[in-house]
Structure formats: C-alpha cells, structure tokens
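I have placed the structure first, in the form of structure tokens, so that the comments after it can refer back to it.
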Amino acid sequence: MTSIPASHRDLLDAQFGTFATVGADGRPQQSEVWFLAEDDTVRISLNSSRQKTRNLQQRPACSFLIVDLTNPYRYLELRGDAELERDEDYAFAERVGAKYQSDLREHDGPDDYRVIVTIRPTRVNAVDMSG
C-alpha cells in the first residue's frame, strides 16, 4: 500500500471528499461524501441502495480527492481499489455519524443496510502548485 506524505496528512481532517467510482457505462460517477481516515486508509459508510455501492460491487476501482479549501492549488488524490464489507451493527456508521453529528440511519430505507468502503490506495498524488 502507498503511504500519504506528511505534507498532506492534514487534509485527512477535512469535512468531506470527492469520491469517484466507475459506472456501468464505464464513465466516472462522483459525489461528495463523509469519511474517516486512519493512517493511510480512508473509509466511507455507504447506503446499500446507492449507485456508488452497486458500482463498487461490479468494479472496485475508485479515487478519492480532498482539496485544501484554504488553498485550492493544494490537494490529495488517492487512487486504488475499494473493499466492501457489511456494517451489520452500524458500528462504523455510528463513528461516522459522531464526526458529522448525524444519525446515518435517518438516510436509510427499511430494506437498506450500511456498507463500509475501505479505500486501499495504490497511488497517492499529493499536489501543491501554490509555490
């Protein structure tokens, strides 16, 4: 696994990131998501009925982008494959909810469940074009 350089680790404290998956038509599908970061791993809680979940079940290739909102010339991009696991007891969803002061169950329908998406970076682009 590729590591995230110290120069850009602060971006892992951001409130959101842009998560991209590959759709059935082969085109990228992006959206802003909440996340938790631990060491060199980013994890996301997705609802089972989301298009992103279906995309990842078919094709695990993904990317995650965090832009420094105080300096948009600086960003961190993680490219890799996603591992999916069911969040049976909502333990991870509750951790994400605690960060964002939200109950993720409120976003789920009666037949939905939560999936933990773990992004294992195979490539890290830590960019700073401001200097």
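The values are calculated or read from the model by the stated rules, or taken from the named source; none is laboratory data. Computed from a prediction, not measured in an experiment: that's the story for all the values here. Glycine gets a Cβ as well: all are built from the backbone with ideal geometry, and neighbour counts include every protein chain shown.
From the list Arg105, Arg114, which one is at pLDDT 95 or above and of a type in the set (D, E, K, R)? Give the steps one after another, and end with the answer.
Working: Arg105 fails: at pLDDT 95 or above.
None of the others qualify; the one that does is Arg114.
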- Query: Can you name every residue in the range 34-53 that is without any contact (Cβ under 8 Å) to a residue 40 or more places away in the chain and touching a Lys or Arg at 6+ places or on another chain (Cβ under 8 Å)?
  - Reply: Ala37
- Message: Can you confirm whether Thr18 is surrounded by fewer than 19 Cβ atoms within 10 Å (Cβ to Cβ), at pLDDT below 95 and under 24 Å from Arg74 (Cα atoms)?
- Response: no
- Query: Restricting the search to the range 117-131, which residues are at pLDDT 90 or above and hydroxyl-bearing (Ser, Thr, Tyr)?
  - Reply: Thr118, Thr122
- Note on the structure: Exactly one of Asp25, Asp128, Asp68 is over 16 Å from Asp10 (Cα atoms) and either free of Cβ contacts under 8 Å to residues at least 60 places away in the same chain or out of contact with any helix residue (DSSP H, G or I) (no Cβ under 6 Å at 6 or more places or on another chain) (or both), and that residue is Asp25
- Those residues of the range 1-37 which are assigned to a loop (DSSP other than H, G, I, E, B) and either among the acidic types (Asp, Glu) or touching a Cys at 6+ places or on another chain (Cβ under 7 Å) (or both) amount to Asp25
